[in-house]
1. Do you know which residues across the range 156-172 are more than 13 Å from the ligand (Cβ to nearest atom) and surrounded by fewer than 22 Cβ atoms within 10 Å (Cβ to Cβ)?
2. Is it the case that the range 212-219 has a residue that's closer than 28 Å to residue 77 by Cα and out of contact with any strand residue (DSSP E or B) (no Cβ under 8 Å at 6 or more places or on another chain)?
3. Looking at 252, 296, 323, 278, can you tell me which residue is surrounded by 23 or more Cβ atoms within 10 Å (Cβ to Cβ) and modelled with pLDDT of 85 or more?
4. Scan the range 102-127 for residues that are out of contact with any strand residue (DSSP E or B) (no Cβ under 6 Å at 6 or more places or on another chain), at pLDDT below 90 and within 16 Å of the ligand (Cβ to nearest atom) and jot them down.
5. If a residue must be assigned to a loop (DSSP other than H, G, I, E, B) and free of Cβ contacts under 8 Å to residues at least 12 places away in the same chain, how many such residues does the range 297-318 contain?
6. Looking at (1) crowded, with 20+ Cβ neighbours inside 10 Å; (2) within 16 Å of the ligand (Cβ to nearest atom), which one does residue 97 not meet, given that it meets all the others?
7. Looking at the range 128-155 only, could you name the residues that are modelled with pLDDT of 90 or more, buried (at least 17 other Cβ atoms within 10 Å of the Cβ) and away from the ligand (no atom under 12 Å from the Cβ)?
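The values are calculated or read from the model by the stated rules, or taken from the named source; none is laboratory data. Small disclaimer: the values here were computed from a predicted structure and weren't measured. With ideal geometry, Cβ positions are generated from the backbone for all residues, glycine too; neighbour counts draw on all protein chains shown.
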Ligand SMILES: [Fe+2]
């Protein structure tokens, strides 16, 4: 029941049915019942703060796993068996899902967003859209979403990304998770050497640059030390030579070979280091109705200094500035 598995930088925990019953009761009494207002994707402060205050609703070993993620001892945590919302309607707010997302987010840092991405929402709805079906974006469904890190072109990037499964079609599409250390071990040394050089270009996604022109030059997609590599990656990555292109192709081949597959559905959550993991998603069939896949997502900064020094305090003076602008 209380399974713990640690493999390749990914820690998996399962909450038992008995634990889940207690968690559901406590979350309703201590958080949801005390928060009568509708949840607001752009103003998460009060709800997230309340969830943080009651973090002990999460089993101790789950909080320990999140502490290991914060410490860099593990690079991804997968949780299964969290109490899920009883669905009352196609768009009923997933109150329990938001609560788990909030608790996990505030164990690791602070949620933030980008004005250009989902209009500055701090809790993102990830759902398929007909106009995005074949794109490399979170609205896609008909194509595999290739391996990437979040907001790779930007200089203020999330430290952690949290995804909670509100709903999923069957069979559940796999979220692919790649620990950069595994991928680096699999690659030719020449590939890794080249990808450490600041000679690559990553374009801004369309949401950040509607004209499609903004890009960051001089990116070394593999960073960190030989013993503790980091990664910054997007499908738009290009280099200027044949060797650069060979390195990109070799890296992607190697990374796909060592991917973990996580299937997110109601009650499942994955949180990973955006510096140490790439992620992608297999294609699935979207119906564009109330049965479609629906994830909640937050971007997390463990230290708000970068946001504060670059963008200043929040206009209302209430703690951190939660939005980053396009570069
Ligand atoms: Fe993503």
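1. 156, 159, 167, 168, 169, 170, 171, 172
2. No: zero hits.
3. The match here is 278.
4. 116, 117
5. Matching residues across the range 297-318 total 6.
6. The one condition residue 97 does not meet is (2).
7. Of everything in the range 128-155, those that are modelled with pLDDT of 90 or more, buried (at least 17 other Cβ atoms within 10 Å of the Cβ) and away from the ligand (no atom under 12 Å from the Cβ) turn out to be 153, 154.
The rows are residues; the columns are (1) away from the ligand (no atom under 16 Å from the Cβ); (2) in contact with a helix residue (DSSP H, G or I) (Cβ under 6 Å, 6 or more places away or on another chain); (3) in a loop (DSSP other than H, G, I, E, B); (4) free of Cβ contacts under 8 Å to residues at least 24 places away in the same chain.
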{"position": "235", "(1), (2), (3), (4)": "no, no, yes, no"}
{"position": "254", "(1), (2), (3), (4)": "yes, yes, no, no"}
{"position": "284", "(1), (2), (3), (4)": "no, no, yes, no"}
{"position": "295", "(1), (2), (3), (4)": "no, no, no, no"}
